[in-house]
Amino acid sequence: MPQWLCNQLRRAFLGKNRKQIRLLNDCWFFYHNRIYKLPGEAEKSNSIWR
């Protein structure tokens, strides 16, 4: 996980900002699917574009 995302997640959790936590969580899954999965698998998995 990129350091900038870790820092923002930490701030969101400390501030108990649920909206920001959800947004960052979706960003992480989108990033993770794009970087670490094969091109065909990204469309099959859970994504933010439901």
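The values are calculated or read from the model by the stated rules, or taken from the named source; none is laboratory data. Here the structure is a predicted model, which means the values were calculated and not measured. Cβ sites come from the backbone with ideal geometry, for glycine too, and all protein chains shown count toward neighbours. Ligands, DNA and RNA are stripped out before the accessible areas are found, and what is left, the full protein with its side chains, is counted by its heavy atoms. Shrake-Rupley method; radii C 1.70, N 1.55, O 1.52, S 1.80 Å.
Odds and ends about this structure:
- Hits in region 1-23 (condition: aliphatic (A, V, I, L, M), open to solvent by 70 Å² or more (accessible area, probe 1.4 Å) and within 18 Å of Ile35 (Cβ to Cβ)): Met1
- Close pairs (7 angstrom Cβ cut-off, 6 or more residues apart or separate chains): without any contact (Cβ under 8 Å) to a residue 24 or more places away in the chain and part of a helix (DSSP H, G or I) in region 5-31, open to solvent by 70 Å² or more (accessible area, probe 1.4 Å) and not aromatic (Phe, Trp, Tyr) anywhere: Phe29/Asn46
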